[in-house]
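Each remark here refers to the structure printed beneath this line.
The values are calculated or read from the model by the stated rules, or taken from the named source; none is laboratory data. Bear in mind that the values here come from a model prediction, so they are computed numbers and not experimental data. Cβ: placed from backbone, ideal geometry, glycine included. Neighbour counts: every protein chain shown. Side chains are part of the model used for accessible areas, which takes the heavy atoms of the whole protein and leaves out ligands, DNA and RNA. Shrake-Rupley method; radii C 1.70, N 1.55, O 1.52, S 1.80 Å.
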Amino acid sequence: MRREKNAVILAHNYQLPEVQDIADFVGDSLGLSMQAAKTNADIIVFCGVHFMAETAKILSPDKTVLLPDKHAGCPMADMIEAADLKQLKAEHPSAVTMCYVNTSAAVKAQCDYCCTSGNALKMVRSILSGHKEIIFVPDKYLAHYVAGRTGRQFITWEGYCPTHARILPEDIMRAKSLHPRAKVIVHPECRPELTDLADIAASTEGMCHYAKQAEANEFIIGTETGIIHRMKKENPDKYFYPAAATATCPNMKKITLEKILWSLTDMEEEIKVAEEIRKKAKIAIDRMLQTA
Ligand code: 13P
Ligand code: SF4
């Protein structure tokens, strides 16, 4: 059916193993956005969460973008609405606005720049360096991580990822005592106490890259546990231990093989973005892709 309909299947690194295995591309938010922007397929089946499929639609408006489960949302993205950001901007009229890609199209349309965890440091150090005041929403932990490494201060929002917040410093300490030679890799959506304890903090793609090129052969993984499937597949001789087995994102796990098939059969759930919002949001997303 994928061939018949000229569809491409994109899957995030947190997807179920069997979904990753049938995907055309598996990657992080930045990599998948890049794939969505350049694909020749007529249909993009997005195995991830709503904001990711929406970003694909913003970049490829003439393509049909399908999310196999319409309820696969991102609680962090839902923690801020366009009206909240409007209010924050009104309180800081001279600030430039940067949003994490984990936001709705309506929020992105209110922003000057969009970033992912893969390029946030680079964007703040380069294009935003001349700006005095920066609003950085919605992830307070990602904002803290970027602020600490760039020496900047941000106007932030009380958003966070409930899955990453579940991983605690004591989980890392326990894993380290069990595997003393293991390198600790975490996602910057984790609590600051965790990024401080880690050998490296990186986007999911950056984490996979680190695991591949590192000389170490044991790793403690501080992110959603689905990524371990890809890490094991790419490094069959290395060992990966989840920092917390409870760090699973229920929304990412809503996509199943059956739902992908039904989605292609019934052409549902089709993602739509109002043209006025899409055009504005695309400006911020294009800037994100330019700093890939
Ligand atoms: P990445 O962009 O690093 O893949 O992260 C997306 C995400 O939702 C992490 O929770
Ligand atoms: Fe959103 Fe967290 Fe799930 Fe990523 S892991 S999609 S940030 S809830």
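Scanning for something open to solvent by less than 10 Å² (accessible area, probe 1.4 Å), in contact with a Ser or Thr (Cβ under 7 Å, 6 or more places away or on another chain) and within 14 Å of ligand 2 (Cβ to nearest atom), does region 120-134 turn up at least one residue?
Narrowing region 120-134 to residues open to solvent by less than 10 Å² (accessible area, probe 1.4 Å): 120, 123-124, 128, 134.
Narrowing further to those that are in contact with a Ser or Thr (Cβ under 7 Å, 6 or more places away or on another chain): 123-124.
Cutting the leftovers down to within 14 Å of ligand 2 (Cβ to nearest atom) gives us none.
There is no residue in region 120-134 that is open to solvent by less than 10 Å² (accessible area, probe 1.4 Å), in contact with a Ser or Thr (Cβ under 7 Å, 6 or more places away or on another chain) and within 14 Å of ligand 2 (Cβ to nearest atom).
Name the one entry in M1, M98 that is within 16 Å of ligand 1 (Cβ to nearest atom) and not small (G, A, S). Give the derivation first.
Values: M1 fails: within 16 Å of ligand 1 (Cβ to nearest atom).
Within the list M1, M98, the selection yields M98.
Under 24 Å from I227 (Cα atoms) and surrounded by 24 or more Cβ atoms within 10 Å (Cβ to Cβ): is that true of D171 in this structure? Don't jump to the end; show me each part of the working.
Working: under 24 Å from I227 (Cα atoms): yes; surrounded by 24 or more Cβ atoms within 10 Å (Cβ to Cβ): no.
The answer is no for D171.
Within region 150-191, work out how many residues are of a type in the set (K, R) and either without any contact (Cβ under 8 Å) to a residue 24 or more places away in the chain or within 16 Å of ligand 1 (Cβ to nearest atom) (or both). Walk me through how you get there before you give the answer.
Here is the first cut: in region 150-191, the ones of a type in the set (K, R) are 152, 166, 174, 176, 181, 183, 191.
Checking the rest, the ones that are also either without any contact (Cβ under 8 Å) to a residue 24 or more places away in the chain or within 16 Å of ligand 1 (Cβ to nearest atom) (or both) come to 166, 174, 191.
Looking only at that region, the number is 3.
Condition test on A105, is it within 13 Å of ligand 1 (Cβ to nearest atom), open to solvent by less than 20 Å² (accessible area, probe 1.4 Å), within 18 Å of the chain's Cα centre (by Cα) and of a type outside the set (S, T, N, Q)? Steps first, please.
Numbers: within 13 Å of ligand 1 (Cβ to nearest atom): no; open to solvent by less than 20 Å² (accessible area, probe 1.4 Å): yes; within 18 Å of the chain's Cα centre (by Cα): yes; of a type outside the set (S, T, N, Q): yes.
Taking the combined requirement at face value, the residue does not satisfy it.
Tell me, which helices (runs of 4 or more DSSP H) wholly within region 186-292 include 2 or more residues that are within 18 Å of P169 (Cβ to Cβ)?
Working: elements: 192-197, 204-213, 227-234, 257-266, 275-290.
So the answer is 192-197.
Mind telling me which of the residues I271, I227, I277 ends up being within 16 Å of ligand 2 (Cβ to nearest atom), more than 18 Å from P188 (Cα to Cα) and among the β-branched types (V, I, T)?
Numbers: I227 fails: more than 18 Å from P188 (Cα to Cα); I277 fails: within 16 Å of ligand 2 (Cβ to nearest atom).
Exactly one residue qualifies, and that residue is I271.
With the checklist (1) charged (D, E, K, R); (2) surrounded by 15 or more Cβ atoms within 10 Å (Cβ to Cβ); (3) over 16 Å from the mean Cα position of the chain (by Cα) in hand, flag the one item E189 doesn't pass.
With respect to (1) charged (D, E, K, R); (2) surrounded by 15 or more Cβ atoms within 10 Å (Cβ to Cβ); (3) over 16 Å from the mean Cα position of the chain (by Cα), E189 is out only on (3).
Please enumerate the residues belonging to region 172-191 that are of a type in the set (D, E, K, R) and within 16 Å of ligand 2 (Cβ to nearest atom). Show your work before the answer.
Step one: of region 172-191, the residues of a type in the set (D, E, K, R) are 174, 176, 181, 183, 189, 191.
Within region 172-191, E189, R191 qualify.
Checking A95 against (1) touching a strand residue (DSSP E or B) at 6+ places or on another chain (Cβ under 6 Å); (2) open to solvent by 60 Å² or more (accessible area, probe 1.4 Å); (3) modelled with pLDDT of 95 or more: exactly one of these is not met. Which one?
Here A95 clears every test but (2).
Looking at region 255-271, can you tell me whether even one residue there is within 16 Å of ligand 1 (Cβ to nearest atom) and touching a residue at least 24 places away in the same chain (Cβ under 8 Å)?
Yes - at least one qualifying residue is present in region 255-271.
Only one of (1) buried (at least 24 other Cβ atoms within 10 Å of the Cβ); (2) in contact with a Ser or Thr (Cβ under 8 Å, 6 or more places away or on another chain) fails for V8. Which number is that?
(1)
Mind listing whichever residues of region 192-219 are polar (S, T, N, Q) and either within 23 Å of M79 (Cα to Cα) or within 16 Å of ligand 2 (Cβ to nearest atom) (or both)? Lay out the reasoning, then the answer.
Of all residues in region 192-219, those polar (S, T, N, Q) come to 195, 203-204, 213, 217.
Once the filter is applied, which keeps residues that are polar (S, T, N, Q) and either within 23 Å of M79 (Cα to Cα) or within 16 Å of ligand 2 (Cβ to nearest atom) (or both), region 192-219 yields T195, S203, T204.
Could you tell me how many of the residues in region 32-76 are touching a helix residue (DSSP H, G or I) at 6+ places or on another chain (Cβ under 8 Å) and under 20 Å from E276 (Cβ atoms)?
12
In region 202-253, what count of residues is obtained for those that are more than 18 Å from C47 (Cβ to Cβ), within 12 Å of ligand 1 (Cβ to nearest atom) and open to solvent by 20 Å² or more (accessible area, probe 1.4 Å)?
Within region 202-253, residues that are more than 18 Å from C47 (Cβ to Cβ), within 12 Å of ligand 1 (Cβ to nearest atom) and open to solvent by 20 Å² or more (accessible area, probe 1.4 Å) number 2.
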